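S.K.: Pasting in a structure now, in structure tokens, and then I'll have a few things to ask.
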Amino acid sequence: MSLWSRVWNVFRGDRLNRDLNEEFESHLEEAIAAGRDPEEARRAFGSLLRQREAARGVLVWNWADGLRADVVLGLRQLRRNRATSAVAVLSLALAMGACVSAFRLIDALLWRPLPIAEPGRLFAISRAELSFEGKPRDFDGWAYPDFELMRAAAKDNAELIAVSYADHMDLTYASDDEMEKGLVQYVSGGMWESFGLRPALGRLFTEQEDRVPGADPVAVLSYDYWSRRFGRDPKVIGRTIRLGDQLLEIVGVGPKSFTGTEPGTMTEIFLPIMLNRWVKRDDATWHRTFAVVRPGAELEPLRARLDAVSMAFERERAKGFKGMPQQSIDNYLHQRVELLPASSGASGMQQDYHEALACLGALVVLVLLIACVNVANLMTALAAARAREMALRVSIGAGRWRLVQMVLVESAILAGMAGSLGAVMAWQAAPLVLRMVSSPDNAVRLVLPADWRVLSFSLVLVTGVTLLFGLLPALRASAVRPVSALKGGNNPHGRHRMMYGMIAVQVAICFLVVFISGLFVTTFDRLERLPLGFSPKGLLLLESVAPHGKMPEFWSRVAETLQARPGVEKVAESGWPMMSSSWNDSVAIDGGAPSVDLVYFLTVSPGWFGTMQMQMISGRDFLPTDVSPGAAVVNQTFVKLFFPNENPVGRFFERADDDGTRVKFQVAGVVADAPYRSVREPQLPVAFVPLREVDAKGVVQLEANTTFLVRLAAQDQKALMARAGELRKAVAASGAGIRVSNVQTQQELIDGQTVRERLLAMLGVFFASVALLLAGIGLYGVLNYSALQRRREIGIRIAVGARSAAIVQLVTGSVVSMVAVGVVAGIGLGLVLTRSIESLFFRVKATDATMMALPVAVILVVTGIAVAPGVLRALQIDPVEILRTE
């Protein structure tokens, strides 16, 4: 008989038994009809039950039949213990859903290969180097002339591809009145062929369009953008896009699955690399470089060749650093080319979030372990209650593996139910996390399909969870001794010790989760409370552009227009918003050598410090007549670094440009320190210079872009953004030919820099709460089970006069000692593990006593709440009733 027929017979059950009984009866009837005595015929045929079971062994796959029986029995057991089963399923579902969500995020950002041909041969070319100030860093930005030299050197072993950093840019499809933002990326024309990509519509630009700057103004839309923006209209081919001064023709739509090489960002418009305005500049590093390594090519010789070419280029370029200290030049030339696997692409989000996601994954695994320990204790208690049943099964011939299988099947049913519920939670949780880290100007978009990768992980997770919480109870249940169990004796293996040991493990893990979560919450709290040196409340930022540049008077006229709007308190201008960009150079004091320490610059208008509400320490603000070069206002860090113990007002310093040019400034005032680039980094030396710039002949220069800082009476974020449309129209209606390209609040800029910390703090609090809840349930269950098992002993002790304190110590002593062991183990684990994630913390150390005290206090409180019901139940035991029933 075929295996399939034997498997099918497993599910026929009673019908198969009826068929066999009918067949046996027909044989008996044939014997009787042949003249044999009915009794003799039945004796000769033997036991009907035995014959039927022997026939079933041939007709049915016995292991599958036993498995089916175990599934039916498992479902009955879960139905019989509905409350405990529901708690187990919900606990596991929460933890497993979090695990699947974390996997989807980590896989989409860090592991999922790009949808290209042979992604395993794709490498990102990066540099391990020192900054000008001597700080180690990894940097993946390249100048295009350097790229061209490396591409020529590597052509026999690899195809090099330049891909710019994706950037939100202003564009129009009709007129300037229809200005919108698009996520644009400049790429090598050879990228499409090297990646094995084909257009969904039209054509893709080629390597031939990489030869002459600006010669081929074409664009390719991503399939996702084409679908969202144009509703998959095929007539989009041939339409034009205006990008600044460039008019581009749409020639094609990219393949459906390809959204660029930056996980976390979905590029909308691809342009030929030669359309970028920096393509011929050797001092601008604006694109990444990928290498598609040819089959059989050795990586180290390729890396060495690229390193030699790049170093030769940089040494030649460094000859032009005439205004830079030799130490800074030596630091700059201390670099080494690296080839990094990039099958999943390369992005800033990968760099910013890989540690955070790894920590998130560790937290969810720890929560899962707590849930598994809980359910393992539950399964152990249920198995103990079924000790006589197990003993009877052993007595009638059931083997140990048969008992293990029975308990494991019940565990698998629990895990499967929890996994199904967790999958529903994971489907919603992963997109929710993405929304938490997104901002209006920088939406995070990841591909999160429910494909074979997610399904495989889920199946492995269900299997792993089944073994984690089911294997040990199954082995303990299968080791039952029939004689001892049937007499009502204790389990010789000491199941109480195992349950108490699990409590210690559970508490240690719970402490670790709460401890790490506390570090994340403290980090976020300290970033939120960090003194900024200015007031972001009520500040609206209007980033504005004039396509062909405007004189400062035009910008001032727009500022006056904005100032006249109701509810506007102050208006000022700056080159860009604080904490959004940077510009640095060395400086020289009193004609000395250029400094190794870089100074950061920002161009601002008169009244800017008052609009920002920055404190003027000494000197004065800028006057309308001040120009750059000329007056400067510096911050306190600048003074400490270059004019220690001196009055800097009236002193001179020179900005030392890379080409040796020196621009002289006189300090007019000193302002309080404020974050220039990021709230996380130490205070930088900053020099504020006038927005009004003149050349060497004193001619005022045109300004192409400016940010208007508008301080409104309204403080609420929604109220501020509600005024954005009105103010944008006021700028456009000023008649100066200036338009607003982007609107945001200063608070949004600040909040955008703490998204990672906010995410870790929120998820940390959530997982810590879940861990504490699960640990509390586990403590309650173990104590309650222990008290029930010792109910007779407690009754006798009360009868002979034991005090309440002695009963409390008897009931809670083992649990409390295991809690203490768990806390000590958790402290040790916390100190060891947090060393690897110190970069995620801000001004907080794991060794701080307060950081240790908080989780200890919380766990003690949870322990007290969890054990209280069991203690009260033990103290209320009636010894007379116990002795009567026993």
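S.K.: Applying 1/(1 + (r/R0)^6) with R0 = 25 Å to the Cβ-Cβ distance of LEU247 and TYR165, what FRET efficiency is obtained, to the nearest 0.05?
M.R.: Efficiency for this residue pair is about 0.60.
S.K.: Can you give the relative contact order of the range 80-164 as a percent, counting alpha carbon pairs under 8 Å and 6+ residues apart?
M.R.: Result for the range 80-164 is 12 percent.
S.K.: From the cross-link list LYS135/LYS155; LYS718/LYS845; LYS135/LYS322; LYS135/LYS181, which pairs have alpha carbons spaced over 25 Å apart?
M.R.: Over 25 Å Cα-Cα: LYS135/LYS155; LYS718/LYS845; LYS135/LYS181.
S.K.: Related question: Separation between the LEU872 and LEU73 pseudo-spin-labels, each 7 Å from Cα along Cα→Cβ, expressed in nm?
M.R.: Roughly 3.9 nm, to one decimal.
S.K.: What figure in square angstrom, to the nearest 10, would you give for the accessible area of ARG677 with a 1.4 Å probe?
M.R.: ARG677 has an accessible surface of roughly 80 Å² with all protein chains in place.
S.K.: Per residue of the range 334-346, what does 6.51 cos²θ - 1.76 cosθ + 1.60 with θ = phi - 60° give for ³J(HN,Hα)? Whole Hz please, x for Gly and Pro, Karplus curve as stated.
M.R.: Couplings: 8, 8, 9, 6, 10, 10, 10, x, 9, 4, 9, x, 8 Hz.
S.K.: Summing Lys, Arg as +1 and Asp, Glu as -1, what charge do residues with Cβ under 15 Å from the Cβ of GLN428 carry, GLN428 excluded?
M.R.: Here the count lands on +2.
S.K.: Follow-up. Once both axes come from the Cα atoms, what is the angle between helix 348-385 and the longest principal axis of the chain, in degrees from 0 to 90, rounded to 10?
M.R.: Rounded to the nearest ten degrees, it is 10.
S.K.: For LYS256, give me every one of the lysines with a C-alpha distance below 20 angstrom, ignoring sequence neighbours fewer than eight places off in its own chain.
M.R.: List returned: LYS235.
S.K.: On a 1.4 Å probe surface of the protein chains, which of TRP555, TRP427 comes out largest in accessible area, and what is the full order?
M.R.: Result of the area sort, largest leading: TRP427, TRP555.
S.K.: Net charge within 12 Å of TYR165 by Cβ-Cβ distance, Lys/Arg positive one each and Asp/Glu negative one each, not counting TYR165 itself?
M.R.: Combined, the nearby Lys, Arg, Asp and Glu give -2.
S.K.: Which value, in Å², gives the accessible area per residue of the chain when a 1.4 Å probe is used on the protein heavy atoms?
M.R.: 46
S.K.: Near PHE524, within a Cβ-to-Cβ distance under 15 Å, what is the net charge of the other residues, with Lys and Arg +1 and Asp and Glu -1?
M.R.: Computed value for this residue: +2.
S.K.: Next up: Just to confirm the number: angle between the C-alpha axis of helix 849-875 and the first principal axis of the chain, 0 to 90 degrees, nearest 10?
M.R.: Orientation of helix 849-875: about 20 degrees from the principal axis.
S.K.: For the range 791-803, what does the Karplus curve 6.51 cos²θ - 1.76 cosθ + 1.60, with θ = phi - 60°, yield as ³J(HN,Hα) per residue in whole Hz, taken in order and with x for Gly and Pro?
M.R.: Computed from phi, the couplings for the range 791-803 are 4, 5, 4, 5, x, 5, 4, 5, 5, 8, x, 5, 6 Hz.
S.K.: Let me ask something else. Calculate the FRET efficiency for ARG529 and ARG336 from the Cβ-Cβ distance with a Förster distance of 60 Å, rounded to the nearest 0.05.
M.R.: So, using R0 = 60 Å, E works out to roughly 0.90.
S.K.: So what is the calculated 222 nm ellipticity per residue for the chain, using -39500 (n - 2.57) for each DSSP H run with n of 4 or more, over all residues, to the nearest 500 deg cm²/dmol?
M.R.: After summing the helix terms and dividing by the residues of the chain, the value is -16500 deg cm²/dmol.
S.K.: Please give the contour-minus-distance gain from ASP37 to VAL824: 0.36 nm per residue of separation, less the Cα-Cα distance, rounded to one decimal in nm.
M.R.: Extra length from ASP37 to VAL824 when fully extended: 275.3 nm.
S.K.: Same structure, new question: Take the Cα atoms of the range 546-643, build their convex hull, and give its volume per residue in Å³.
M.R.: In the range 546-643, the Cα convex hull volume per residue is 149 Å³.
S.K.: What FRET efficiency comes out for the pair VAL699/HIS548, r = Cβ-Cβ distance, R0 = 22 Å, nearest 0.05?
M.R.: Taking R0 as 22 Å, the efficiency between VAL699 and HIS548 is 0.85.
S.K.: Can you give the accessible area of LYS256, probe radius 1.4 Å, in Å² rounded to 10?
M.R.: Counting only protein heavy atoms, the figure is 140 Å².
S.K.: Using a basic spin-label model with each label point 7 Å from the Cα along Cα→Cβ, how many nm lie between SER741 and TYR173?
M.R.: Calculated label separation equals 2.1 nm.
S.K.: Could you name the lysines whose alpha carbon sits less than 20 Å from that of LYS319, not counting residues in the same chain fewer than 8 places away?
M.R.: Cα-Cα hits under 20 Å: LYS280.
S.K.: Excluding residues fewer than 8 places away in the same chain, name every one of the lysines whose C-alpha is closer than 18 Å to that of LYS697.
M.R.: LYS664
S.K.: For LEU860 paired with VAL596, estimate the spin-label separation in nm (one decimal), with each label point 7 Å from Cα along the Cα-to-Cβ line.
M.R.: Each label point lies 7 Å from its Cα, and together they span 5.0 nm.
S.K.: In whole Å, how far is the Cα centre of the range 562-631 from that of the range 101-132?
M.R.: Result: 39 Å between the Cα centres.
S.K.: Skipping prolines and chain starts, which residues have an amide H placed within reach, meaning under 5 Å, of the one on ARG692, given they are 5 or more residues away or on another chain?
M.R.: When sequence neighbours closer than 5 places are left aside, the close amide H contacts are SER628.
S.K.: Is any residue of the range 80-120 close enough, with backbone N under 15 Å, to a label point placed 7 angstrom from the Cα of PHE766 along the Cα-Cβ axis, and if so, which?
M.R.: 93-106
S.K.: I would also like to ask the following. So how tilted is helix 14-33 from the main axis of the chain? Cα-based, degrees 0 to 90, rounded to 10.
M.R.: With rounding to tens, the tilt is 30 degrees.
S.K.: Which entry is the computed Rg/Rh (Cα atoms, Kirkwood Rh) for this structure: (i) 1.01; (ii) 0.97; (iii) 1.10?
M.R.: Identified label for the calculated read-out: (iii).
S.K.: Still on this structure, I have one more. Just subtract the alpha-carbon distance of SER580 and GLU300 from 0.36 nm times their residue separation and send over the number in nm, one decimal.
M.R.: Using 0.36 nm per residue and subtracting the Cα-Cα distance, I get 97.0 nm.
S.K.: Sticking with this one: Please give the contour-minus-distance gain from ARG651 to GLN715: 0.36 nm per residue of separation, less the Cα-Cα distance, rounded to one decimal in nm.
M.R.: Extra length available between ARG651 and GLN715 comes to 19.2 nm.
S.K.: Right, next: Which ³J(HN,Hα) values, rounded to whole Hz and listed in residue order, are derived for the range 752-769 from phi using the Karplus coefficients 6.51, -1.76 and 1.60 in 6.51 cos²θ - 1.76 cosθ + 1.60 with θ = phi - 60°, glycine and proline given as x?
M.R.: x, 7, 10, 4, 4, 5, 5, 4, 5, 5, 5, 5, x, 4, 4, 5, 5, 5
S.K.: Nearest 20 debye, what's the magnitude of the dipole of the range 492-647 about its Cα centre given +1 on Lys and Arg Cβ and -1 on Asp and Glu Cβ?
M.R.: 940
S.K.: Sticking with this structure for a sec: How big is the convex hull of the Cα atoms of the range 792-841, per residue, in Å³?
M.R.: 83
The values are calculated or read from the model by the stated rules, or taken from the named source; none is laboratory data. Please read these numbers as outputs of a predicted model, since none were measured by experiment. For neighbour counting, all protein chains shown are included, and Cβ atoms are generated from backbone atoms with ideal geometry for every residue, glycine included. These accessible areas exclude ligands, DNA and RNA; they are computed on the full protein's heavy atoms, side chains included. Shrake-Rupley method; radii C 1.70, N 1.55, O 1.52, S 1.80 Å.
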